Ligand SMILES: [Zn+2]
């Protein structure tokens, strides 16, 4: 089965593109992932803290935030290619969102990450 998010429609046939709106259709796995993201977003109030420049930026920052136990969501970015049509980042590669409670922690991590990039020694 395939799903069209913009139309909220289900297609039994093996289609890749929605015949109604032209959006890329989601597989079951992608749809599941989408709902998880939606749930995360509604359960906590996430705020954007950083605009990612590219996949390396995303990978490093994601790891740093995970290491610090900061929950985070990347809108746009590598893992969300499937949703680009429905969920396009405003600028850059993608946007990192963290829970409101973790803003300060996230800012610290991002600041350290950015200053370490500027120095580039060793
Ligand atoms: Zn559609």
For region 8-22, enumerate the residues that are more than 9 Å from the ligand (Cβ to nearest atom) and in a loop (DSSP other than H, G, I, E, B). 12, 13, 14, 15, 16
Checking residue 63 against (1) in contact (Cβ under 8 Å) with a residue 24 or more places away in the chain; (2) under 18 Å from the mean Cα position of the chain (by Cα); (3) away from the ligand (no atom under 16 Å from the Cβ), which single condition isn't satisfied? (1)
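Values quoted throughout were computed directly from the atomic coordinates according to the rules given, and no laboratory measurement underlies them. Keep in mind the model is a prediction, meaning the values are calculated, not measured. Heads up, the Cβs are rebuilt from the backbone with ideal geometry, glycines too, and the neighbour counts pull from every protein chain shown.
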